[in-house]
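Chemist: Let me begin by handing over the structure; questions about it come next.
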Amino acid sequence: MFETDALHRRGQALEDEFFHRVDEKLREQLRDSLERKKQRERLSAATGFTDEQLLDHLIDGGFQATTLAALALVPAVFIAWADGSVTAKERQAVLAAALDRGLEHEPTAMQMLHAWLNKHPPRSLWTLWKEYAEGLHDSVSATLADLLMKEILRTATSVAEASGGTLGFGKISEAEQKILDDVSNMYH
């Protein structure tokens, strides 16, 4: 009888431990879900986006309301990497564009930008930028969307022109022009 009691208590302890772990996991999932909802709300407030899928993609990409400004520079970063490496002049042009946009007041956004300039960002960042740009285009007036796209193209073109060329000819490489065309064709 003593053995049966000990086995029963041991079985009960294992069962209690199992359900405790299940409860902890459920609480953790609930916390994560609530945190994600808060992140979505902050991003939605910052962007005006209501598409939860887009907001989730931005969150999964590591973006938050304070780092969104770095997204506008993604085309410039990809232009800088278009020829396989980032030159000092291209780096300087991208960082100058960041300063023009006030990114020095957003340290996390600047860290992201420096990381992208130090190591070629993944193709998924380009895909995410295009999704973000489409969402932005859909959430603002056509006039504002046109102004934003012109500014993005101006910045990307200045990075493309920062290095290269001889005597003013051939400043923009084919790889850089392809990216510029991709950006330009997004809304046409």
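Chemist: Given the options His105, His57, name the one that is of a type outside the set (Phe, Trp, Tyr) and more than 23 Å from Met186 (Cβ to Cβ).
Modeler: Step by step, each of His105, His57 is checked, and only His105 is of a type outside the set (Phe, Trp, Tyr) and more than 23 Å from Met186 (Cβ to Cβ).
Chemist: Quickly run through segment 120-145 and pick out the residues that are within 25 Å of Gly84 (Cβ to Cβ) and either more than 13 Å from the chain's Cα centre (by Cα) or part of a helix (DSSP H, G or I) (or both).
Modeler: Selection gives His120, Arg123, Ser124, Leu125, Trp126, Thr127, Leu128, Trp129, Lys130, Ala133.
Chemist: So, Leu180, is that one under 17 Å from the mean Cα position of the chain (by Cα), farther than 23 Å from Thr50 by Cα and in a helix (DSSP H, G or I) or not?
Modeler: For Leu180, the condition - under 17 Å from the mean Cα position of the chain (by Cα), farther than 23 Å from Thr50 by Cα and in a helix (DSSP H, G or I) - is not met.
Chemist: Lys150 - would you say it is among the basic types (Lys, Arg) and in a loop (DSSP other than H, G, I, E, B)?
Modeler: no
Chemist: All but one of (1) more than 23 Å from Ser184 (Cβ to Cβ); (2) assigned by TED's automatic domain parsing to the domain that holds Gln111 hold for Val77, so report the exception by its number.
Modeler: (1)
Chemist: Separate question: Quick check on this structure: which one of Thr143, Thr108 is closer than 24 Å to Glu41 by Cβ and either in the same structural domain as Leu43 (by TED's automatic domain parsing) or modelled with pLDDT under 95 (or both)?
Modeler: Thr108
The values are calculated or read from the model by the stated rules, or taken from the named source; none is laboratory data. Keep in mind that this is a model prediction, so the values were computed, not measured. Counting neighbours? That spans all protein chains shown, and the Cβs are built from the backbone with ideal geometry, glycine included.
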